[in-house]
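Below is one structure; the comments refer to it alone.
The values are calculated or read from the model by the stated rules, or taken from the named source; none is laboratory data. The model shown is predicted, which means the values in this text are computed figures rather than measured ones. Neighbour counts are summed over all protein chains in view; Cβ atoms, including those assigned to glycine, are modelled from backbone coordinates with ideal geometry. Keep in mind that these areas ignore ligands, DNA and RNA; they rest on the heavy atoms of the full protein, side chains included. Shrake-Rupley method; radii C 1.70, N 1.55, O 1.52, S 1.80 Å.
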Amino acid sequence: MTFRYLISSVRGLHKLLSTDNILTDRVIMSELKNNGLLLLKRETNLRRLWATDTIFTTIPCMEMVEASTSECCGNVDPCKIARSKYKLPRICEGNYAYLIQGVYSINAMSGKGKKLKEITINRYTNLLKLPIIKKEEYYFIANEYLYVTNPMVQAIRISALFEEDVPNEIMYPDCGCGVAPSNDDLCKNPLDKESFIPGYLEKQVLQMTSQALLTTYFQLKTDSQLNGMEEQTNIQKQ
């Protein structure tokens, strides 16, 4: 289902006029997303939906650049790692960690890659202090960037539940390793994008959204009308 369809369903619940100046489609979509994310966090905390690709967005080729550990790991011996070229879109967080289904390295020469292991920045900092060489490749997030412990990694693929839309320069990088976008992909109206809300949660999301709009935005409209009436009364008294 697209967000436009869900918005139409919300309006249909209370016959809301599409010409309402306060209750715009963007406002309804924002409320739908917020409630959808709230329920998805609950479901993933219960270890559900992790095997589906419905709720996760995959960035097929995120460009990486060489960086120093000094910019992310504090006072440690500087060594080289890889960092995402751009800051990551905001990722949902559950009770346990970021809602990331997987991060994979991409080898442009062989076309192969492997799944990277997640590590906390504190644990990685401790690993740097050990006098042994670790062959495992890890990733972690710091300062809104994604870091990979192997400095030779030039690109990664990440599948995660993002709280915001992925910018085109990240989703469709001009590096030759990603998916070539069509004009429809680049210019698609956000309202026409497929929602990340699973079918069995749609009814609950619609009800939550409808209730929130009734208690919040309708009250704002009522307050605005009352203020207008009060101002008109004051003018007539003068």
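Return the total of residues in segment 119-136 being closer than 26 Å to ARG42 by Cα and not in a helix (DSSP H, G or I).
Of the residues in segment 119-136, 2 are closer than 26 Å to ARG42 by Cα and not in a helix (DSSP H, G or I).
Residue by residue through segment 137-172, note down the ones that are open to solvent by less than 90 Å² (accessible area, probe 1.4 Å) and in a loop (DSSP other than H, G, I, E, B).
Hits for segment 137-172 are GLU137, THR149, ASN150, PRO151, VAL153, LEU161, GLU163, GLU164, ASP165, VAL166, PRO167, TYR172.
It is to be established whether one or more residues within segment 221-237 are surrounded by fewer than 17 Cβ atoms within 10 Å (Cβ to Cβ), at pLDDT below 85 and under 29 Å from the mean Cα position of the chain (by Cα).
no
Could you please find all residues in segment 145-174 being without any contact (Cβ under 8 Å) to a residue 24 or more places away in the chain and touching a Leu at 6+ places or on another chain (Cβ under 9 Å)?
ASN168, TYR172
With the requirement that a residue be at positive phi and in contact (Cβ under 8 Å) with a residue 60 or more places away in the chain, what does segment 44-85 give you?
LEU49
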